[in-house]
Amino acid sequence: MKNKEMEKDLEKDQVTPEQEAPAEENAEAEGAGAADAEEVAEEKKEEPAATQEDEDMKTKYLRLAADFQNFKRRTEKEKSDIYAYANEKMALDLLDVIDNFERALVHQTDCKDEKMKEGMDLIFKQLQGVLEKNKITEIPALGEDFDPNVHNAVMTQASEEFESGKVSTVFQKGYKLNNKVIRPAMVIVAE
């Protein structure tokens with residue numbers, strides 16, 4: 001009986017070739033596991049460098065994207081400014097004509113032909129309509145506080161009618177195009 005038990009124990013302890021292969025694979029896996037562990041450790045050492053490169057690339061990408069957005073905004077603003085102020089040169093030339101027309105209207109009282117006076121007034125109103133249509137507005141000056149941003153003081157003068165620092169006389173009207181001063185008003189300021 002003891003022999004039979006011993007044989008059974010030996011059979012249990014004996015490893016068949018099928019059983020050996022998995023054991024060998026496990027041993028190789030354990031060896032490979034050690035090798036893999038070394039590779040993983042090496043990759044971890046390399047990983048911070050790769051991560052740093054990735055972060056640098058992300059940072060460069062974000063900066064480039066921000067620069068592009070700024071470029072788009074800047075070009076849109078420039079384009080809208082071009083459209084808004086494209087008529088500035090023509091408006092300045094037209095303002096000189098309007099100034100001369102106003103001077104002529106001051107002397108129309110000497111004209112005896114009523115139709116001529118009426119025609120001149122209609123033409124002047126039409127010119128003012130063209131200015132309004134193109135968003136060209138007159139800068140208020142007479143009796144206003146002097147503002148160097150919109151008024152060009154050519155001299156100061158004592159005035160009983162106006163307080164000190166107020167515009168007492170307007171030599172030439174000032175105008176704005178889309179709220180940008182294209183020609184400041186030429187004025188005399190009360191002392």
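The values are calculated or read from the model by the stated rules, or taken from the named source; none is laboratory data. For clarity, every value in this text was computed on a predicted model and none was experimentally measured. When we count neighbours, we look across all protein chains shown, and the Cβ atoms used for this are built from the backbone with ideal geometry, even at glycine.
See the values below:
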{"quantity": "Evaluation of K173 against (1) in contact (Cβ under 8 Å) with a residue 60 or more places away in the chain; (2) touching an Asp or Glu at 6+ places or on another chain (Cβ under 7 Å); (3) loosely packed, with under 15 Cβ neighbours inside 10 Å (one fails), failing number", "calculated": "(3)"}
{"quantity": "Close pairs from the stretch 64-87: first closer than 20 Å to N179 by Cβ, partner surrounded by 10 or more Cβ atoms within 10 Å (Cβ to Cβ), Cβ under 6 Å, at least 6 apart", "calculated": "A84/N178; N87/N134"}
{"quantity": "Number of the condition not met by K176 [criteria: (1) farther than 24 Å from D81 by Cα; (2) in a strand (DSSP E or B)]", "calculated": "(1)"}
{"quantity": "Selection from the stretch 101-118 of residues that are more than 25 Å from K176 (Cβ to Cβ) and surrounded by 12 or more Cβ atoms within 10 Å (Cβ to Cβ)", "calculated": "Q108, C111, K117"}
{"quantity": "Answer residue from the stretch 146-170, given it is in contact (Cβ under 8 Å) with a residue 12 or more places away in the chain and within 27 Å of M90 (Cβ to Cβ) and is surrounded by the fewest Cβ atoms within 10 Å (Cβ to Cβ) among those", "calculated": "N149"}
{"quantity": "Residue in the stretch 144-152 that is assigned to a loop (DSSP other than H, G, I, E, B) and either β-branched (V, I, T) or in the same structural domain as L95 (by TED's automatic domain parsing) (or both) present", "calculated": "yes"}
{"quantity": "Checklist (1) under 30 Å from the mean Cα position of the chain (by Cα); (2) under 14 Å from L94 (Cα atoms) applied to P184, failing item", "calculated": "(2)"}
{"quantity": "Neighbours by Cβ (under 6 Å, 6+ apart or cross-chain): first from the stretch 106-133, without any contact (Cβ under 8 Å) to a residue 40 or more places away in the chain; second assigned to a helix (DSSP H, G or I) and among the charged types (D, E, K, R)", "calculated": "Q108/K117; C111/K117"}
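Residue by residue, here is whether (1) modelled with pLDDT of 85 or more; (2) of a type in the set (G, A, S); (3) surrounded by 10 or more Cβ atoms within 10 Å (Cβ to Cβ) holds:
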site: D9; (1), (2), (3): no, no, yes
site: G31; (1), (2), (3): no, yes, yes
site: D81; (1), (2), (3): no, no, yes
site: D99; (1), (2), (3): yes, no, yes
